[in-house]
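Input: a single structure, listed below in structure tokens.
The values are calculated or read from the model by the stated rules, or taken from the named source; none is laboratory data. If you're wondering where the values come from, they're calculated on a predicted model, not measured in any experiment. Here the Cβ positions follow ideal geometry from the backbone for every residue, glycine too, while neighbour counts run over all protein chains shown.
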Amino acid sequence: MNIRLDWKTLAEALGAIAIVMSLVFVGLQIQQTHSIAVSEILAANTGHRIEANAAIIENSAVWDKANSGGILTTEEVLIVERLIENVTAERISLYHHYWELGDDGAAEGALMEFADFFSRYPGIFNIWLRGQRSTNEAFGILTGEPPQRAQLVEIMQSRVDKILTRREAKRPNEMPNE
């Protein structure tokens, strides 16, 4: 009877080991799937970023004119709005993908990078802010409540202001740009 009990104990132990090994394997598969998803997101985002940057370069005169507060023609307004829309879609998409994957640090980094981008183009940022606030106001009129993205506008305003303030604090001896 001891031999049977030993075989039974051994079979149960092997079964438990097999279950643990399968759970480890599933965990490794999940980790690998997550890594693949992040790689695919980054690859797609790189393509979108290259396209957005190429469009800005192709329209650099209009971009610079808008950033400096120049008067834009109807066609130039359309170009600038689409350029800003492309950059916004690319940056927010990256944030959203990281957020969906549960990578809060990378999501936060994507928003910080977006704020840094806007801090380098304050005129473009002001155009973006006006557009976002106008859309949020229209949404509020139609639905009676503020859209979720209204919070994004305030977050971006706060972050861009902080970046600009810190940059100015680092350059106390330089003459301000006029």
Checklist entry - How many residues are more than 11 Å from the chain's Cα centre (by Cα) and in contact (Cβ under 8 Å) with a residue 12 or more places away in the chain when one looks only at segment 63-108? => result 15
Item to check | Considering residues of segment 52-78 that are touching an Asp or Glu at 6+ places or on another chain (Cβ under 9 Å) and within 19 Å of Ser119 (Cβ to Cβ) only, the residue modelled with the lowest pLDDT | outcome: Ala52
Checklist entry - Can you tell me how many residues in segment 31-51 are among the polar types (S, T, N, Q) and in contact with an Asp or Glu (Cβ under 9 Å, 6 or more places away or on another chain)? => result 1
Checklist entry - Which residue pairs have Cβ atoms closer than 7 Å, lie 6 or more positions apart in sequence or on different chains, and pair a first residue in segment 51-62 that is outside any helix (DSSP H, G or I) with a second residue that is modelled with pLDDT of 95 or more? => result Asn59/Ile79; Asn59/Leu83
Next on the checklist: Would you confirm whether or not segment 9-21 contains a residue that is closer than 27 Å to Ala106 by Cα, surrounded by 10 or more Cβ atoms within 10 Å (Cβ to Cβ) and of a type outside the set (A, V, I, L, M, F, W, C)?
Outcome noted: no
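For every residue, the table says whether it meets (1) modelled with pLDDT of 95 or more; (2) farther than 26 Å from Ser60 by Cα; (3) not aliphatic (A, V, I, L, M).
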position	(1), (2), (3)
Thr88	no, no, yes
Leu111	no, no, no
Gly131	no, no, yes
Pro147	no, yes, yes
Leu164	no, no, no
Next on the checklist: I'd like the full set of residues that are free of Cβ contacts under 8 Å to residues at least 24 places away in the same chain, within 19 Å of Gly109 (Cα to Cα) and not hydrophobic (A, V, I, L, M, F, W, C), limited to segment 30-46.
Outcome noted: Ser35, Ser39, Glu40, Thr46
Checklist entry - Given the structure, is Gly27 at negative phi, assigned to a helix (DSSP H, G or I) and not charged (D, E, K, R)? => result yes
